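The values are calculated or read from the model by the stated rules, or taken from the named source; none is laboratory data. These numbers come from a predicted model, not from an experiment. Cβ coordinates were reconstructed from backbone atoms using ideal geometry, including for glycine residues, and neighbour counts include every protein chain displayed. The protein model used for the area step is the full one, side chains on, heavy atoms only, and it has no ligands, DNA or RNA in it. Shrake-Rupley method; radii C 1.70, N 1.55, O 1.52, S 1.80 Å.
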Amino acid sequence: MNIIKKLSVFCLLCLGLINISHAAQPKPDQSMVYKTVGEVDLKLHMFLPKQVAQGIKTPAIIFFFGGGWVSGNPNQFYRQADYLADRGILAISAEYRVKKRNNTTPKDAVSDAKSAMRWLRQNADKLNIDPDQIIAAGGSAGAHLAASTATIPSFNAKTDDLTISTVPNALVLFNPVFDNGPDGWGYETVKNYWQDISPMHNLHAGVPPTLVLIGDKDKLIPISVPKRFQQKMHALGIRSELEIYPGQGHGFFNYKNKNNFRDTLLKVDNFLVSLGYLKGQADLQKINAL
């Protein structure tokens with residue numbers, strides 16, 4: 001870049017006409033393989049909790065990325081994970097198999113999510129986490145996987161120890177795929193087994209407290225779907241919170257939508273505080289700096 005171009009860019013930055021406010025994406029502290037399928041190693045990317053007193057076991061939250069069971073990347077939730085690690089939780093973003101990379105089906109994705117939950121509980125002592133304080137979270141198809149760990153009895157890997165429960169102790173779901181029935185999302189992909197893989201059709205009294213965040217202009221998930229989910233949860237006597245964002249569409253919570261990103265992160269923090277998994281109040285200064 002020549003001197004004139006450099007000066008021009010500098011002037012634009014001074015005037016605020018170029019936006020460089022996006023903070024650098026954080027990187028995991030470590031990654032561990034939780035499952036191997038053929039030649040594919042599936043990893044959990046971990047953000048370690050900060051300032052944990054010796055001998056205290058922490059909660060854990062595991063995020064599953066979105067992408068319609070076809071694509072996606074665990075870095076989608078790195079920023080949320082990094083923040084929650086600062087708040088004292090082992091925060092994880094999980095890999096799982098998708099069609100584009102692995103030529104797999106939604107059944108395989110659900111199998112991987114369930115394997116990840118079992119791996120966490122099986123290694124709770126090693127990870128210094130409380131196996132009874134594990135939160136499953138995700139966005140879109142990733143939220144489907146998180147919900148599936150709590151609702152779907154099928155699609156267990158042959159290598160899993162089935163005596164270990166996959167059911168999380170709480171769910172945090174961003175514009176989730178709940179209904180895979182004939183009128184729901186993804187039916188054509190899963191129509192041969194939709195009743196076995198649709199969280200909406202497999203709710204039971206053991207589903208944990210749930211927070212759902214969604215925009216009312218979501219073209220993939222009509223607002224009637226999470227409302228129906230909440231009604232069914234309440235009928236079972238289960239806590240189910242629904243946060244609706246006016247005028248927002250699918251993926252509204254992602255980092256490119258900074259105001260929504262910050263507000264949803266605050267609501268997640270408040271929800272986890274209400275469950276006793278986080279202490280004190282949300283770090284508003286850090287959230288606003290993201």
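I'd like to check one number: the per residue accessible area of the chain, probe 1.4 Å, reported in Å² as a whole number.
With the other protein chains kept in place, the chain gives 47 Å² per residue.
Pull up the DSSP beta bridges for the chain and report the antiparallel fraction as a percent, rounded to 5.
Bridges in the chain are about 30 percent antiparallel.
Specify the angular offset, from 0 to 90 degrees and rounded to the nearest 10, of the alpha carbon long axis of helix 106-122 from the longest principal axis of the alpha carbons in the chain.
That works out to roughly 90 degrees.
Suppose the chain between residue 51 and residue 163 were pulled fully straight at 0.36 nm per residue; how much longer would it get relative to their current alpha carbon spacing?
Length gained between residue 51 and residue 163: 37.0 nm.
Could you tell me the distance between the Cα centroids of segment 22-72 and segment 252-274, to the nearest Å?
19
So how do 105, 189 rank on accessible area, 1.4 Å probe, biggest first, that is with the largest at the start?
Sorted descending by solvent-accessible area, the residues read 189, 105.
Roughly how many Å is it from the Cα centre of segment 176-246 to that of segment 113-127, as a whole number?
Between the Cα centres of segment 176-246 and segment 113-127 lies a distance of 25 Å.
Work out the charge dipole of segment 207-289 with +1 on the Cβ of Lys and Arg and -1 on the Cβ of Asp and Glu about the Cα centre, then indicate which of 244, 280, 270 is farthest towards its positive end.
244
May I ask for the equivalent-ellipsoid semi-axes of segment 213-277, computed as the square root of five times each C-alpha gyration tensor eigenvalue and listed largest first in whole Å?
The answer is 21, 18, 6 Å, longest axis first.
Roughly how many nanometres apart are two label points built 7 Å out from the Cα toward the Cβ at residue 86 and residue 189?
About 3.3 nm separates the two model spin labels.
Once you sort the root eigenvalues of the Cα gyration tensor of segment 48-97 as a ≥ b ≥ c, which label holds: rounded (a/c under 1.5), prolate (a/b larger than b/c) or oblate (the other case)?
The shape class here is prolate.
Quick one: dipole size for the chain, taken about the Cα centre, charges +1 on Lys/Arg Cβ and -1 on Asp/Glu Cβ, in debye to the nearest 20. List each step's numbers first, then the result.
Details: 32 positive and 24 negative charges, 127 e Å.
Charge dipole, the chain, about its Cα centre: 620 debye, nearest 20.
Stretch residue 224-residue 24 to full length: gain in nm at 0.36 nm per residue minus the Cα-Cα span?
Extra length from residue 224 to residue 24 when fully extended: 68.3 nm.
Pick out, from 180, 204, 221, the residue whose Cα sits farthest towards the positive end of the charge dipole of segment 178-250, with +1 on the Cβ of Lys and Arg and -1 on the Cβ of Asp and Glu.
Looking along the dipole axis, the top candidate is 204.
In nm, give the distance between the simple-model label positions of residue 279 and residue 73, each being 7 Å from the Cα along the Cα-to-Cβ direction.
3.6
Suppose the chain between residue 36 and residue 123 were pulled fully straight at 0.36 nm per residue; how much longer would it get relative to their current alpha carbon spacing?
Result for the pair: 29.7 nm of gain on full extension.
What does the charge count near residue 234 come to, summing +1 for each Lys or Arg and -1 for each Asp or Glu among other residues with Cβ under 12 Å from its Cβ?
Values: positive: 227, 228, 232, 239; negative: 241.
Local charge sum for residue 234: +3.
Under 1.5 on a/c is rounded, so check that first for segment 45-144, then, if it is not, pick prolate when a/b is larger than b/c and oblate when it is not; a ≥ b ≥ c are the square roots of the alpha carbon gyration tensor eigenvalues.
Values: a/c = 2.88, a/b = 1.80, b/c = 1.60.
Prolate, because a/c is 1.5 or more and a/b exceeds b/c.
Compare 278, 236, 211 in a GNM of the chain, Cα atoms joined below 10 Å, and give the one with the largest fluctuation.
For the chain, modelled as a Gaussian network with Cα springs under 10 Å, the answer is 236.
Evaluate E = 1/(1 + (r/R0)^6) for residue 234 and residue 130, where r is the Cβ-Cβ distance and R0 equals 25 Å; express this FRET efficiency to the nearest 0.05. Write out the running numbers ahead of the final one.
Values: r = 27 Å, r/R0 = 1.09.
With R0 = 25 Å, the Cβ-Cβ based efficiency is 0.40.
Leaving out ligands, DNA and RNA, and with a 1.4 Å probe, what % of the accessible surface on the chain is carbon or sulfur?
50
Which angle between 0 and 90 degrees, to the nearest 10, do you get for helix 3-15 versus the longest principal axis of the chain when only C-alpha atoms count?
70
Can you give the alpha-carbon Rg of the chain over 2.2 N^0.38 Å, where N counts its residues?
1.03
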